[in-house]
Amino acid sequence: MESGFASRIAQLCREIEQHNYRYYVLDTPSIPDAEYDKLFRELQTLEAEHPELLTLDSPTQRIGASPLKCFAEVAHRTPMLSLNNAFSFDEVRAFDARIREALDLKTIDYAVELKFDGLAINLSYRNGLFVQGATRGDGSTGEDVTENLRTVRAIPLRLHNAVGDDLAADVEVRGEVLMFTRDFEKLNQQQRANGEKEFVNPRNAAAGSLRQLDSRITATRHLSFYAYGVGICEGVDLPGRHDGQMAQLALWGVPVAAHRRVVNGVDGLLNFYREIGEQRAALPYAIDGVVYKVNDLSLQQRLGFVARAPRFAIAHKFPAEEAMTTLLGIDVQVGRTGALTPVARLAPVFVGGVTVTNATLHNEDEMRRKDVRIGDTVIVRRAGDVIPEVAGVVLARRPADARLFLMPAVCPVCGSHVTREADEAAWRCTGGLFCPAQRKQALLHFAGRRAMNIDGLGDKLVDQLVDAHLVSTPADLYKLGMSGITALPRMGEKSALNLLDAIDNSRNTTLARFIFALGIRNVGEATAKDLAGRFGSLDNLLAADAARLQQVPDIGPVVAQSMMDFFAEAHNREVIEQLRAAGVHWDEHEPHPDKILPFTGKTFVLTGTLATLSRQQAQAALEAMGAKVSGSVSKKTDYVVAGSESGSKLVRAHELGIAVLNEDEFLLLIKG
Ligand code: IVH
């Protein structure tokens, strides 16, 4: 019987470590948390009943030990170096030129990899067992965080050789501890729920979690780890090239990120930079650049070091996504639906590749939660194409005269009073289309590419038209004439003609576009299409009551109520009639009976490039079969169709366990 327990324990250890690896290294969690916990508890119980079978590398040894008073110092056996940075292609070309000259070689092979934005650590393994882990510290001395690192489930507690035995060698593994973005977000949610301070970014969260004196806290923090190098290695011969060493580490069971390869010459470096730049937003963790290393270790040795950084490697940084600056003031912007958004006015700062002077504070609650005050030094974040936001405050730099900001009691644009519903984050102006701000946003929405598609009618022009009292409703656009437009400042005859042309062309539209263009709250593009298809004509739609509206798939009580409110407003009906009178038209058809199409009620997301269909064709085919096509993956998504070069949406689909179809499967589905 004894051996039965031993083999069950061994099996559980293996299985749990596999799940750890899938979650923390591959980013493809394979079982629900509850299942994982069940396996874990079974192992704990068996080990408690059979203490003689407990091993040091059991996953149950990752739950943390008693708190320390302070961290002991660790002298690194070989220094932990830093990297020089390159911020431009020219600096990379200069790096390559220096190396070719120093080595007198025509071209160089480089190992290229990610620059993880976490914390450098050193892991010591003796005879294959994890014995000590330390932070980088000043490069020669770090802090002993062994107990904390033991709780990091991506870090192997033992290294194994090719046949699965303990590796008979003393090895130092170097790499980066980091926190996946999703775990960072979950952690901040928890911090919020517990009324504790949130972390500004995953790096700070990882650092704060690793430097806990109580490793039981670290154990709850979901840290991850990737290796990028080897320190001392005794008792086993390592390959003579960097890529070979990384492959060797991976074979021993050390996590090494898949985004790495060997390239030739400077073009190879720059291509890798561009490629990773495109994939950056879709990665499950933050990186702040890529790293280039001369691949051949004997060449590395010949190149040597300058000060604390190697000559043979360089970090090519992406434009920083975060920067510090001063918050000069707070403005309040009014959106299309009247929502009041506090916007930070900032001392200009270069972040995410552009100069930023404004960043959103989202809403009153967010502003309070982050405790943002005028005069504060703030951290501004601009990731990818996302609107810049204030991520947090540097409290240590708060000046004595920093001031709280109160949301205004009336709309700053039209003076109407503002209200806030109990379940909403936003204050809203009650002025409706009386409010010039809402009017402008409504006009911009009406003219938008996916709505009436009036080319050239952007925010500057809308500002001018509304401020000059030439336009106050969408219907007024169709009454504009040459003389009114050319009277605007900086408006030439040519541009005026173009605008009139664009307005004229927009008269010929579709019912779906028209419904969407009206800007009814909660009625997006997809809902507008559903409504147009179902009701066939505007009069049918206007005649529908809330119950009839809710017979349309995906229309619930909230959307139905928004529509009833909108159409109940005499002003809105009037604008619609004026638009029809001005010649805005579309094709109509009989209302669809409530027939059930093959994909009625199913939501699809398209991502990547399909070889045989354009995105529009694929979407049209799906919609014709009753499916809804959405732009983002959520729990409500039924299928994700992934073409080549799929990015974050595919990652998200895997995360949520949503069915993914490749192009062949998709074609079968729509043709079958
Ligand atoms: S190699 C001999 N590779 O960047 C060179 N470092 O600025 C030693 N880092 O302290 C470092 N990703 O924390 C190397 N793929 C990578 C890296 C990386 C992130 C960090 C590491 C290091 C810092 C140097």
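Read the figures in this text as sums done on the coordinates, not as results from a lab. Keep in mind it's a predicted model, so treat the numbers as computed, not measured. Note: ideal-geometry Cβ built from the backbone for every residue, glycine included; neighbour counts use all protein chains shown.
Here are a few things to note about the model shown:
- Remark on residue 393: its backbone amide H falls under 5 Å from those of 379, a criterion applied only to residues 5 or more positions apart or on other chains, H modelled at 1.01 Å from N.
- Residues in segment 408-428 reached by a label modelled at residue 434 [backbone nitrogen below 15 Å; 7 Å Cα→Cβ]: 410-419
- Net charge of Cβ neighbours under 10 Å - reference residue 609; Lys, Arg +1; Asp, Glu -1: -1
- For the pair residue 129 and residue 498, the difference between a 0.36 nm per residue extended length and the Cα-Cα distance amounts to 125.5 nm.
- Separation between Cα centres of segment 161-209 and segment 334-395, rounded to whole Å: 27 Å
- Spacing of the modelled spin labels on residue 616 and residue 18, each 7 Å from Cα toward Cβ, amounts to 4.8 nm.
- Point-to-point label distance, residue 274-residue 459, nm (Cα→Cβ direction, 7 Å offset): 3.1 nm
- Along the axis of the charge dipole computed for segment 1-152 (Cβ charges of +1 for Lys and Arg, -1 for Asp and Glu, origin at the Cα centre), the listed residues 97, 145, 66 are led at the positive end by 97.
- Alpha-carbon centroid distance for the pair segment 1-38 / segment 431-470, whole angstrom: 58 Å
- Charge tally for residue 28 (other residues, Cβ to Cβ under 9 Å; Lys, Arg +1; Asp, Glu -1): -1.
- Helix 33-49 vs. the chain, principal-axis angle (Cα, 0 to 90°, nearest 10): 20 degrees
- Length gained when the stretch residue 401-residue 44 is fully extended (0.36 nm per residue, less Cα-Cα span): 123.0 nm
- Low-density loop cleavage sites - GluC sites (Glu not before Pro) in segment 182-243, where at most 11 other Cβ are within 10 Å (DSSP): 196
- Within-15-Å neighbourhood charge of residue 295 [Cβ basis; K, R +1; D, E -1]: +2
- Calculated from backbone phi, Karplus (6.51, -1.76, 1.60) coupling profile of segment 176-185 in Hz, x at Gly/Pro: 10, 8, 8, 10, 4, 4, 5, 6, 4, 5
- Per the Cα gyration tensor, the chain maps to an equivalent ellipsoid with semi-axes of 54, 31, 27 Å, ordered largest to smallest.
- 3J(HN,Hα) from dihedral phi, segment 115-131, Karplus parametrisation 6.51/-1.76/1.60, rounded to Hz, x for glycine, proline: 9, 5, 9, x, 10, 6, 9, 10, 10, 9, 10, 10, 6, x, 9, 5, 10
- Dipole-positive endmost among 474, 400, 442 within segment 360-480 (Cβ charges, Cα centre): 400
- Measuring from each cysteine beta-carbon in the chain, the ones with no other cysteine beta-carbon under 4.7 angstrom are 13, 70, 233.
- Structure-based [θ]222 nm, the chain - -39500 (n - 2.57) summed over DSSP H runs of at least 4, per residue, nearest 500: -10500 deg cm²/dmol
- Using the Cβ-Cβ distance between residue 561 and residue 483 with R0 set to 35 Å, the FRET efficiency works out to roughly 0.25.
- Estimated FRET transfer efficiency (residue 581, residue 661; beta-carbon r; R0 56 Å; 0.05): 0.75
- Sparse packing (at most 16 other Cβ atoms within 10 Å of the Cβ) combined with a DSSP loop state is found for the following trypsin sites (Lys or Arg not before Pro) in segment 301-359: 308.
- From the Kirkwood radius over Cα pairs of segment 203-270, Stokes-Einstein at 25 °C and 0.890 mPa s returns a whole-number translational diffusion coefficient of 165 µm²/s.
- Spacing of the two label points (7 Å from each Cα toward its C-beta) at residue 547 and residue 589, in nm: 2.8 nm
- A cut-off of 5 Å between modelled amide H atoms, ignoring neighbours fewer than 5 places along the same chain, links residue 224 with 178, 179, 180.
- Estimated vicinal HN-Hα couplings, Hz - segment 350-355 in sequence order (Karplus 6.51, -1.76, 1.60; Gly, Pro = x): 8, 8, x, x, 9, 8
- Calculated FRET efficiency for the pair residue 491/residue 309, C-beta based, R₀ 41 Å, to 0.05: 0.15
- For segment 481-611, dividing the convex hull volume of the Cα atoms by the residue count gives 182 Å³ per residue.
- Charge-dipole axis of the chain as Lys and Arg at +1 and Asp and Glu at -1 on Cβ define it, positive-most pick from 583, 155, 456: 456
- Rounded to the nearest 20, the Cβ-based charge dipole of the chain about its Cα centre (Lys and Arg +1, Asp and Glu -1) stands at 1100 debye.
- Under 5 Å from the amide H of residue 115 lie the amide H atoms of 288, 289, 290, 291, each residue being 5 or more positions distant or on a separate chain, with H modelled from the backbone and absent for Pro and chain starts.
- In a fully extended conformation the segment linking residue 72 and residue 107 would gain 8.0 nm over its present Cα-Cα distance, using 0.36 nm per residue.
- Unit charges on C-beta of K, R, D, E only; dipole of segment 99-238, Debye: 640 debye
- Each Lys and Arg adds +1 at its Cβ and each Asp and Glu adds -1 at its Cβ; summed about the Cα centre, segment 218-309 shows a dipole of about 180 debye.
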